[in-house]
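In what follows, a structure is listed as structure tokens, so that the remarks can point back to it.
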Amino acid sequence: CLSNPGLRKELTKNAVLFYEAEKKRTGIDAVIQISANDIATRLCYCKNCVALEKKYGTKGGPLYDFTIEIARKYPHIPFRTTAYQRSLTQTPPKIKIDWPKNLQLIFAPINGDYARSWKECKTDPTDYNDF
């Protein structure tokens, strides 16, 4: 549950520890990826996560909220998340966001018609519109 403060604190602690250990070991800035599992349902059904879905206008609201928060808190660490699956995080937030420069968003649609280009696919332009 990405709206759970305890989980956020623990995940943040572990992500920062991993980043620092990799930086010390390799001398390279590790990119910390925080993305949803490959499921075809909501990330969470609790009232706080549903509220984040409504706030952001997407089922990915809880994930976007957390990744934006951690990226803002640690601007020196490069983070990445995935816009993936229409039923999860592919639909972009509907609110205006000052997106952190250290947070990469990888667009990974998997539900589309890949037999033709986005512009040729008139039957379902969802992926093109989300992008």
What's the number of the condition residue 90 fails, among (1) surrounded by fewer than 16 Cβ atoms within 10 Å (Cβ to Cβ); (2) among the polar types (S, T, N, Q); (3) touching a strand residue (DSSP E or B) at 6+ places or on another chain (Cβ under 8 Å)? (1)
Out of 48, 37, I need the residue that is under 20 Å from residue 130 (Cβ atoms), open to solvent by 70 Å² or more (accessible area, probe 1.4 Å) and not aromatic (Phe, Trp, Tyr). Which one? 37
Residue 75 being in a loop (DSSP other than H, G, I, E, B) and open to solvent by 60 Å² or more (accessible area, probe 1.4 Å): yes
Go through (1) β-branched (Val, Ile, Thr); (2) surrounded by 13 or more Cβ atoms within 10 Å (Cβ to Cβ); (3) over 16 Å from residue 2 (Cβ atoms) for residue 106 and report which single condition fails. (2)
Matching residues, the stretch 29-41, being closer than 21 Å to residue 70 by Cβ, within 16 Å of the chain's Cα centre (by Cα) and not hydrophobic (A, V, I, L, M, F, W, C): 33, 35, 37
Residues to consider are 9, 23, 54; find the one that is open to solvent by 70 Å² or more (accessible area, probe 1.4 Å), closer than 20 Å to residue 129 by Cα, modelled with pLDDT of 95 or more and not in a loop (DSSP other than H, G, I, E, B). 54
Here are some conditions: (1) open to solvent by less than 50 Å² (accessible area, probe 1.4 Å); (2) assigned to a loop (DSSP other than H, G, I, E, B); (3) farther than 21 Å from residue 131 by Cβ. Residue 28 meets all but one. Which one does it not meet? (1)
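The values are calculated or read from the model by the stated rules, or taken from the named source; none is laboratory data. Since we're looking at a predicted model, the values are computed, not measured. Note: ideal-geometry Cβ built from the backbone for every residue, glycine included; neighbour counts use all protein chains shown. Accessible surface areas use protein heavy atoms only, side chains included; no ligands, DNA or RNA. Shrake-Rupley method; radii C 1.70, N 1.55, O 1.52, S 1.80 Å.
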